[in-house]
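Some notes on the structure that comes next.
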Amino acid sequence: MKSVNIYIPLLLLLFLAGACGTKKSDGTSGTLSDDALLDTVQRRTFNYFWDGAEPNSGLARERIHMDGVYPENDQNVVTSGGSGFGIMAVLAGIDRGYVTREEGLARMERIVSFLETADRFHGAYPHWWYGDTGRVKPFGQKDNGGDLVETAFVMQALLAVHQYYAGGSPQEKALAARIDKLWREVDWNFYRQGDQNVLYWHWSPEYGWEMNFPVHGYNECLIMYILAAASPTHGVPAAVYHEGWAQNGAIVSPHKVEGIELHLRYQGTEAGPLFWAQYSFLGLDPNGLKDEYCPSYFGEMRNLTLVNRAYCIRNPKHYKGFGPDCWGLTASYSVNGYAAHSPNERDDLGVISPTAALSSIVYTPEYSLQVMRHLYGMGDKVFGPYGFYDAFSETDNWYPQRYLAIDQGPIAVMIENYRSGLLWKLFMSHPDVQRGLQKLGFTAPQATAEE
C-alpha cells in the first residue's frame, strides 16, 4: 500500500508537468515564451525550403500538398519569387544554426548553379521552371518568358546572400562573385519596352509584349523599381520610377479606411492585401525609409496592416472566428481556388491566411504574436510539418493541409527581421542598393552587413 501511495502522487506530478508545456484548447500555448514560439514557427517554416525543396535545383516547390494530390501534376515545379523568399529563409536558418554553415553553403551553391543554367530572358527569370530541367513552365499561355517582378524577388534575396558571403572563406567569396554576375546580367532596361519610362512585368520570346502589363504603384512591386535603378550594368534612369511607378505623383492619394489614414493610392482598391506590405520589404528595410511620395514607408505599411486587422475585427460579413486573435487577409488558397483576399466586402471570402498577420510582425508585433499564439493553440488542424498551412475558413469548416512557397517564405523572413534585422542589414548593406535608393531620392537607413 505504501508503494501505491507514493506512485499516485508521482503520476499526478508528471501529468501536471506535461500539461504546462502543451497547447491549450483556449487558443494559448501554455508557458511557451514569445521567443520559443517565434523560434518554433520560424524553424518549422524554414523546413519548407530545406527539407521540402525540389532536390535538383534546391529551390522552393511552388506548392506542397500533404495529401499528395496535385491536380496539375506540378509537384516538382519550382517558383522563382517563392524561391527568392525561401533563399532568405534558408539564409536566416544558416545564421541561427538550424543547419551548419557548410550545409548551407552547399545548398546555396546548388541553387546558384541552377540559376546560372536555367531559362532566362534578357537576364530575367520566368515565374515557374521545371525543377529537374530548368526549362520554363508557362504561368499562362503568353506568360512563358521573363517575369521582372519575380526576378526582383530573387535578386533581393541573392544580394543579401552576396553580402553574407562576400567577406568569408575563399569558397564563400567565390559564390558571392557568381551571384554578382547573375545580378549584373539582368537587363532591366530591356523591360522598358523601347525606352519608355515605365517597367513592364512580362516579356515572351514567342508573344513579345502581348501581356502588356506596365507596372504602376502602389502594390508589391516597389522592390523591382529600386533594383532596376540600382543595377550597375543596366540601371534605368530615375524618370522610370517617377513617371512609371509614381505616375508623376498620382501615387499620392491620402484617404482613410476603417478610420485609419493611408497616404498612397492602392491599385484597384482602397487598401490592398497584406502581401503588398511584405514582399518588397523582406530585404528593403522600411524603418526610416521615405521619399517624396511617402513620408514613412514603415508607417504606411503598419497602417495598411492595422486596416486589415480592424476590418477583420469589425467583420461586416459575420464570419466565424474572425477577431483580434484571428485576422489576416492576403493572396492565398481559398475555398474555391486561389484568391487575393483584401479588407473589403467584395474580396473578403471568410478565409484567414496565417502569412498575413504573421509576416506583419515587424509592423504590429503585439497583434501578430496574439494571432500566432491563437493559431498555435489550434494545433495540427492548422499547423503541420512546414509551419502553418496556407489558409483556412472556420465558417466553411475548411482546413486544407496544403502550402504555397510564396506565403511560407515571408513568415520565416519577417520573423527573423523582427528578431534580429538580419535580412534587412544584409540587403541594405549592398553598395548598389544604397546607390539605387539615392538615385531615386530615398532617405534610407544605412546598414553594414553583420554575421
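The values are calculated or read from the model by the stated rules, or taken from the named source; none is laboratory data. Being a predicted model, the structure only gives us computed values, none of them experimental. Note that each Cβ is placed from the backbone with ideal geometry, even for glycine, and that neighbours are counted across all protein chains shown. The protein model used for the area step is the full one, side chains on, heavy atoms only, and it has no ligands, DNA or RNA in it. Shrake-Rupley method; radii C 1.70, N 1.55, O 1.52, S 1.80 Å.
Results, tabulated for the structure shown:
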quantity: Length released on extending from Asn56 to Lys317, taking residue separation times 0.36 nm less the Cα-Cα span; calculated: 89.4 nm
quantity: Mean separation of Cα contacts under 8 Å, 6 or more apart, over the residue count of the stretch 258-401: relative contact order %; calculated: 22
quantity: C-alpha center-to-center spacing [the stretch 159-215, the stretch 97-120] in angstrom; calculated: 18
quantity: Tally of Lys pairs whose C-alpha atoms are under 14 Å apart, taken over the chain, 8 or more apart or cross-chain; calculated: 4
quantity: Alpha-carbon Rg/Rh ratio, for the stretch 180-326, with Rh computed the Kirkwood way; calculated: 1.04
quantity: Contour excess over end-to-end distance, with Cα ends at Trp398 and Arg184 and 0.36 nm allotted per residue; calculated: 72.5 nm
quantity: Stretch gain in nm, segment Glu109-Ala36, where the contour uses 0.36 nm per residue and the Cα spacing is subtracted; calculated: 23.2 nm
quantity: The chain - mean residue ellipticity at 222 nm from DSSP helices (-39,500 (n - 2.57) per run, n ≥ 4, rounded to 500); calculated: -13000 deg cm²/dmol
quantity: The stretch 45-118, Cα convex hull volume normalised per residue, Å³; calculated: 84
quantity: Ellipsoid semi-axes in whole angstrom, largest first, where each is sqrt(5λ) of the Cα gyration tensor of the chain; calculated: 37, 26, 22
quantity: Of the DSSP H helices in the chain, those whose Cα atoms cover at least 20 Å axially and whose Kyte score averages 0.5 or more; calculated: 2-20, 80-96, 148-165
quantity: Whole-angstrom Cα spans of the stretch 122-192 along principal axes, big to small; calculated: 44, 31, 15
quantity: All-pairs alpha carbon distance profile, the stretch 271-319, 10 Å steps from 0, percent; calculated: 25, 47, 20, 8
quantity: Per-q log10 I(q)/I(0), the stretch 80-145, q = 0.17, 0.18, 0.23 Å⁻¹ (Debye; single scatterer per alpha-carbon; no solvent); calculated: -0.66, -0.71, -0.97
quantity: Ser296/Trp209 FRET efficiency (R0 56 Å; Cβ-Cβ; nearest 0.05); calculated: 0.95
quantity: Accessible area of the stretch 260-397 belonging to carbon and sulfur atoms, whole % at 1.4 Å probe; calculated: 48
quantity: Ala174/Tyr338 FRET efficiency (R0 41 Å; Cβ-Cβ; nearest 0.05); calculated: 0.55
quantity: Cα gyration tensor shape for the stretch 330-380, rounded if a/c is under 1.5, else prolate or oblate; calculated: oblate
quantity: Relative contact order [Cα under 8 Å, 6+ residues apart], the chain, whole percent; calculated: 18
quantity: The stretch 207-333: relative contact order in percent, alpha carbon pairs under 8 Å with at least 6 residues between; calculated: 22
quantity: Burial order of peptide ranges 287-299, 120-132 (average beta-carbon count within 10 Å, highest first); calculated: 120-132, 287-299
quantity: Hydrodynamic radius by Kirkwood, which averages 1/r over all alpha carbon pairs of the stretch 305-451, in angstrom; calculated: 16.4
